[in-house]
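Read the figures in this text as sums done on the coordinates, not as results from a lab. Owing to the predicted nature of the structure, the values given are computational and were not obtained by experimental measurement. All Cβ positions, glycine included, derive from the backbone under ideal geometry; neighbour counts span all protein chains shown.
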Amino acid sequence: MATKKRKPKKLSPITWILIGVLAVMAILITFMTVSVSRITARNAQSNMQTVAAERAKVIEDYVIWAEDTLTNFSHASDVKNLLLNPNDTEAKNQAQKYTSDFASKIGDLEGLYIADWNSKTLTHSNPETVGTIIREGERLDQLHNALLAAGDDTYTAGILISPSSGKQVVAIYRCIYNGSEPIGFVGLAIQSEKTLSDLADMQISGLENASYLLLNTEDNVYIYAPDPSMVGQVCEFPDVQNVNASIISGSGEYKGVGEFKDDYSGTMMLSTYVYLDEYGWTLLFNAPSSEVYSMRNQLQIFILIFGVLILLLVGIFGIINAHQENVNRKLGLQVQKNAATEESLQTAMFQDILTEVQNRVSFSVDIENIQTDIDNPCYCIMFDISELAAINMQFGNDAGDAVLTRTAQVLKEAFPDGKVYRTGDDEFVITILKNDNSPFAHNQVVNEIIKAQSELMKKQDIPDGQIDVAYKIAAVRTADELNTTVIAVLKDMAKHNGISSIGQFPFLDLDSM
């Protein structure tokens with residue numbers, strides 16, 4: 001015995017809604033995760049850039065303080081007096097005392113001195129080095145050129161390794177003039193290692209493993225690095241070299257952010273850089289990406305867990321709903337049958353089955369409920385198919401049905417704001433309630449009538465070919481109370497006017513009668 005195949009059950013609207021909710025939730029969770037990730041990543045990068053800028057400002061302020069210190073030292077009359085009288089013992093002693101006293105007030109001092117134009121020291125914070133030649137030959141020429149280019153300003157040679165102590169120092173010079181003639185210069189070397197180390201030791205919440213590097217932009221040589229052995233060495237990272245090269249060429253920005261893999265530790269690092277253009281240095285602030293983006297990662301995990309919980313709740317609700325649907329399925333089927341029966345009765349009572357527009361019963365109910373006043377007039381238009389009975393007799397009932405169906409369709413399209421009724425075998429009435437009593441509203445109705453006329457005057461398809469169909473048309477307007485007698489008025493107008501040509505039909509204002 002053959003078994004009867006069961007038809008697959010259709011999904012209920014609630015089930016489809018649940019599926020839709022699940023899909024929307026999945027999309028929202030994904031969108032939220034991506035959006036939050038981008039925002040927190042941008043905030044983290046912005047925080048890194050802020051920290052790098054702060055570090056650069058500390059270094060810049062430190063150098064400016066050293067420059068101001070040397071400038072203040074150079075303004076003393078003892079300095080210029082010694083350079084004008086280098087062989088005057090009293091001038092030399094006075095200048096040496098001034099140099100020693102001034103130097104005693106400078107912390108982390110490597111050396112403070114006065115030198116003649118040939119770079120011979122005339123005074124020094126360490127008196128034992130007086131008479132030392134600081135630079136000779138090409139290096140002296142380079143220093144002269146830099147001093148003259150600086151004019152009355154200081155010339156910062158950078159952070160260098162002191163040949164006497166082997167420590168990092170900030171080397172600063174300032175030219176002394178007699179009128180416009182250079183007669184010598186003053187020099188200051190302050191040990192920078194402690195300041196740079198203190199800067200590195202400053203803790204940043206959430207970035208415990210952050211570090212920074214300071215390089216000479218032109219030659220990529222480390223000025224400061226967490227590993228002291230790297231100082232003075234050339235940086236071999238291609239990304240850093242490319243950044244410095246773009247800065248020197250003028251094609252790069254003076255600050256930026258990027259991500260790279262540390263070849264030594266294998267850790268992904270986020271790096272921001274700031275170019276100190278006045279000194280030709282590049283500051284790089286580096287931190288492990290996992291630390292920089294820790295907030296982003298935590299938010300991602302939270303959103304994902306929250307999303308999974310929401311999806312689970314929706315899924316559980318779906319299971320409960322499916323169970324409830326199975327329990328109520330039989331009752332639902334019965335309700336559907338009753339609803340279908342009621343809908344059929346409603347359709348049979350108020351709708352014309354052939355044309356699918358409202359029938360005369362519906363018109364009789366609706367016309368009594370139309371609320372009109374002087375600012376809200378109602379327009380009623382009749383389209384009466386001329387000789388429909390003759391069409392049925394000559395071409396058959398199918399041809400007549402085709403004409404009725406097409407007429408109803410054309411009228412629905414031509415009067416989008418109106419309601420179409422089939423009030424008789426061959427007649428249709430359209431009601432249009434306007435909230436505008438202006439001539440524009442009146443002309444709009446007239447134009448819609450002409451539009452319907454133009455379309456209906458075209459040859460109409462019937463099963464055996466095409467035929468021409470004529471119509472009797474009449475229209476009325478009123479702001480007064482309406483009832484079913486308006487059909488009789490329209491019929492009488494249409495009958496007396498006869499078959500209408502395009503743009504030719506009676507239009508009566510009932511309120512003027």
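Using the Kirkwood formula over every pair of different C-alpha atoms, what hydrodynamic radius in Å results for region 358-512?
15.8 Å is the Kirkwood radius here.
Taking H as built 1.01 Å from N, whose amide H comes closer than 5 Å to the amide H of Asn126, not counting residues under 5 places away?
HN-HN under 5 Å from Asn126: Leu112.
Work out from phi, with θ = phi - 60° and the Karplus expression 6.51 cos²θ - 1.76 cosθ + 1.60, the ³J(HN,Hα) of each residue of region 212-219, listed in order in whole Hz, and give x for Gly and Pro.
9, 10, 10, 10, 6, 4, 6, 10
Let me spell out the model: positive unit charges on the Cβ of Lys and Arg, negative unit charges on the Cβ of Asp and Glu, origin at the Cα centre of region 358-512. What dipole size does that give, in debye rounded to 20?
So the dipole magnitude of region 358-512 works out to roughly 280 debye.
Using the Cβ atoms and a cut-off under 13 Å, what net charge is assigned to the surroundings of Gly179, where Lys and Arg are +1 and Asp and Glu are -1?
Local charge sum for Gly179: -1.
Residue by residue through region 72-84, what is 3J(HN,Hα) from phi via Karplus (6.51 cos²θ - 1.76 cosθ + 1.60, θ = phi - 60°)? Round to whole Hz and write x for glycine and proline.
Values per residue, Gly and Pro as x: 4, 4, 6, 7, 5, 5, 4, 5, 5, 4, 5, 5, 7 Hz.
Please give the net charge around Ala150, taking every other residue with its beta carbon less than 13 angstrom from that of Ala150, where Lys and Arg add +1 and Asp and Glu add -1.
Cβ neighbours under 13 Å give a net charge of -3.
For a 29 Å ceiling on Cα separation, which of these pairs sit above it: Lys57/Lys97; Lys458/Lys491; Lys57/Lys92?
Violating the 29 Å Cα-Cα cut-off are Lys57/Lys97; Lys57/Lys92.
Amide H of Val420 versus every other amide H placed in the peptide plane: which residues, excluding those fewer than 5 positions away on the same chain, fall under 5 Å?
Gln358
What is the spin-label model distance, in nm, from Asn369 to Gln233 if the labels are put 7 Å beyond Cα along the C-beta direction?
Label at Asn369, label at Gln233, 9.0 nm between them.
Once amide H atoms are placed 1.01 Å from N in the peptide plane, what residues at a sequence separation of 5 or more from Ser500, or on another chain, have their amide H within under 5 Å of its amide H?
Those qualifying (amide H under 5 Å, at least 5 residues apart or on another chain) are Tyr471, Lys472, Ile473.
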